[in-house]
Structure formats: structure tokens, C-alpha cells
Amino acid sequence: MRWLSLALFMLIGAVLEWTGWLVWKKQKISVLHDYHRRHVSPEDVPAYSAAIGKALCLLGGGLQAAGLANFFTRSGWGWICGAGCFIWSIGWMRKTQKKYNGSVL
């Protein structure tokens, strides 16, 4: 069961990191829902995509770190790490959405 949990955390984290990389480095905000990018002006796309992409990478990395910590330590430290990265990345995304899109989620 621990292997399955680790595999799921690593897979979901990798998908989020890949999506974050696409948004951040390739500026493909088209992978985001239309509602989240509707009011972003073309000149703000580089800054918007960098912030959202980094936040997605943080979320994915936090999930992977949580999975690894839970697997190797068999304690709750992974959940603390995952929750911290989740809260930080969601706050970062909300702040970015408000700044560049005019609305929050």
C-alpha cells in the first residue's frame, strides 16, 4: 500500500510540475481554464505565466516531497510539508489571479 501511495504522489506531482513548466517557461496559458486567463492582457502574459507556473511547480514538488517523506519516515512529516506547499501555492495563485485577472478563482 505504501508503494501505491508513493507512486500516486509522485505521478500527480510530476503532472503538476510538467503543467507548471509549460505555463512558466513556454508561456502556454492555454492549458489553464479560460476563466482564469480571460482578462489577462497580452503584455502581462509573461509575468502571469511565470507566477502561475512557479506556483504549480511548487504544488507538484510539495506533493512529491510529501510522498517521499511519508514513504521513508512513516510519519506525518510528509503531510506537514505537503500542506505547507499547498497553502503557499494556492495563496500565490490567488494573489496572481487578483493582480492580473481582476478576480480570484
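Read the figures in this text as sums done on the coordinates, not as results from a lab. The structure displayed is predicted, hence computed values, not measured ones. Here the Cβ is made from the backbone with ideal geometry for all residues, glycine too, and neighbour counts use every protein chain on show.
Extending 7 Å from Cα along the Cβ direction at Ile87 and again at Met1 yields two label points whose distance is 2.7 nm.
Label-to-label distance for Ser75 and Asp34 is 4.9 nm, based on points extended 7 Å past Cα in the beta-carbon direction. Per residue, the average separation of C-alpha pairs within less than 8 Å and at least 6 apart gives the chain a relative contact order of 32 percent. If we count every other residue with Cβ under 12 angstrom of Val23's Cβ, Lys/Arg +1 and Asp/Glu -1, where does the sum land? Once positives and negatives cancel, what remains is +4.
Between Ala47 and Ala14, what's the calculated FRET efficiency when r is the beta-carbon distance and R0 is 25 Å? Round to 0.05. Kindly include the intermediate steps, with their values, before the conclusion.
Working: r = 26 Å, r/R0 = 1.02.
That pair, Ala47 with Ala14, gives E of 0.45.
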